[in-house]
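Let me begin by presenting the structure, written as structure tokens, before commenting on it.
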Amino acid sequence: MEMTEAIVKAASAIGAGIAMIAGIGPGIGQGYAAGKAAEAVGRQPEAKGEVTSTMLFGCAVAESTGIYSLVVAMILLFANPLI
Amino acid sequence: MNVRGPKILFEIPVLGGIPITETILNGWIVVAVVTIFCFILGRNLSTRNPSKRQMLAEKAVTMLRDLVKTTMGEHNLFFLPYVGALFSYSILSSMMGIFGLRAPTGDINTTVAFALIAFFLIQFYGIKNNGLGGWLKGFIEPVPFMLPLNLVGELANPISMAFRHFGNIASGIVITILIYGALAGLSRIVLGWIPVIGSIPFLQVGIPAFLSLYFDLFSSFLQAYIISMLTMVYVGNANEAPSVSE
């Protein structure tokens with residue numbers, strides 16, 4: 001019985017690590033958005049405030065997939081339903 | 001602070017014991033601070049010679065009012081108090097990490113409450129503006145085959161709102177605790193061989209301040225802005241401007 005639990009715990013830890021691979025997606029997306037925002041500011045420096053707030057809003061919405069993976073990882077580590 | 005979630009501090013012995021967690025207690029502190037702050041800012045207003053305090057209050061209210069007006073439209077201006085309350089509660093509770101308290105928004109229950117209010121407002125205005133039949137019909141458009149997709153889409157909004165805010169603040173808490181632990185271990189390795197000084201985790205001084213700058217100030221402002229913005233956008237879409245009949 002102890003062996004089963006140990007295997008479940010180890011697999012949960014590995015699973016939490018694998019779940020966080022999803023962080024790649026928002027990273028690429030936010031980097032792309034920030035790059036485009038920098039381009040836009042370079043082209044129109046007077047619209048800096050508006051571009052920045054739009055970019056931050058878009059970045060935060062794009063972040064949600066990364067946050068889902070974080071929630072999955074945190075459930076696996078701290079509130080594991082399998083044990 | 002604890003990685004695993006808010007501690008239960010004590011229980012109110014009615015209805016089988018209502019547990020009072022750190023989240024609830026810190027939420028009460030935030031409510032008290034916001035109330036006192038608003039009370040102080042709103043006293044002794046005058047049109048003739050406004051004080052600096054009144055200028056500050058007017059500036060804040062005007063900025064918020066313009067934001068609500070541009071996002072939701074003129075006819076939705078009565079949401080201004082709710083958006084202001086949401087923003088100030090969210091930003092102050094996320095910033096509690098500065099004082100070493102656990103942020104109430106780092107608990108999923110708080111953010112789910114925010115998201116549920118937005119969800120019920122959206123459904124309420126959907127029914128009010130389209131009628132019950134029109135609201136139900138909206139789920140089988142454009143074709144009845146789309147019903148499950150529409151239902152999932154409707155439920156995904158509050159879930160993603162709640163998880164986004166919770167995840168950002170909770171990840172800040174977890175990362176801060178992990179860094180503190182790592183710095184304690186590191187300082188034990190560096191100076192652990194000296195008898196008395198070795199027991200002081202000297203690396204914990206100063207270095208976490210940079211983390212706090214990002215997680216407690218920047219991230220909490222951003223998340224407060226985003227949850228109020230999303231609430232405004234969704235509710236504003238559900239309550240469109242009434243068409244002018246001639």
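Things to note:
- For chain A, the dipole from Cβ point charges (+1 on Lys and Arg, -1 on Asp and Glu) about the Cα centre works out to 160 debye, to the nearest 20.
- The charge dipole of the protein assembly as shown, taken about its Cα centre with unit charges on the Cβ atoms of Lys, Arg (+1), Asp and Glu (-1) only, comes to about 740 debye.
- Between the alpha-carbon centres of segment B:17-85 and segment B:103-133 there is a gap of 20 Å.
- Mean-position separation - Cα centroids, segment A:37-74 and segment B:177-246, in angstrom: 17 Å
- Charge dipole of segment B:38-91 (Cα centre as origin; +1 on each Lys and Arg Cβ, -1 on each Asp and Glu Cβ, all else neutral): 300 debye, rounded to the nearest 20.
- Packing here is the average count of other Cβ atoms within 10 Å per residue, and on that basis the peptides B:81-92, B:44-55, B:146-157, highest first, run B:81-92, B:146-157, B:44-55.
- Seen against the Cα atoms of chain B and their longest principal axis, helix B:147-191 is set at about 10 degrees.
- Inter-chain Cβ neighbour average for residues A:57-63, partner chain, 10 Å: 4
- Between the residues A:I18, A:Q44, A:A62, the greatest Cα displacement towards the positive end of the dipole of chain A, with unit charges on the Cβ of Lys, Arg, Asp and Glu, is found for A:Q44.
- In Hz, Karplus ³J(HN,Hα) per residue of segment B:73-85 (6.51, -1.76, 1.60; θ = phi - 60°; x = Gly, Pro): x, 4, 6, 9, 5, 6, 7, 3, x, 5, 5, x, 5
- Furthest towards positive pole of dipole, B:P81, B:G138, B:V233, structure part chain B, Cβ charges: B:P81
- FRET efficiency estimate (nearest 0.05) - Cβ-Cβ, B:K7 to B:I189, R0 30 angstrom: 0.50
- ³J(HN,Hα), Karplus 6.51/-1.76/1.60, whole Hz, each residue of segment B:9-24, x for Gly, Pro: 7, 7, 10, 8, x, 10, 6, x, x, 9, x, 9, 8, 4, 4, 5
- The C-alpha atoms of chain A define a longest principal axis, and helix A:64-78 lies at about 20 degrees to it.
- Overall shape: oblate for segment B:9-143, with the ratio a/c of the largest to smallest alpha carbon gyration tensor axis at 1.5 or above and b/c at least equal to a/b.
- From the C-alpha gyration tensor of segment A:22-78, square roots of 5λ in Å: 30, 10, 5
Every number here is computed from the coordinates shown, using simple stated rules; none is lab data. Every value quoted in this text rests on a predicted model; they were computed, and no experiment measured them. Note: ideal-geometry Cβ built from the backbone for every residue, glycine included; neighbour counts use all protein chains shown.
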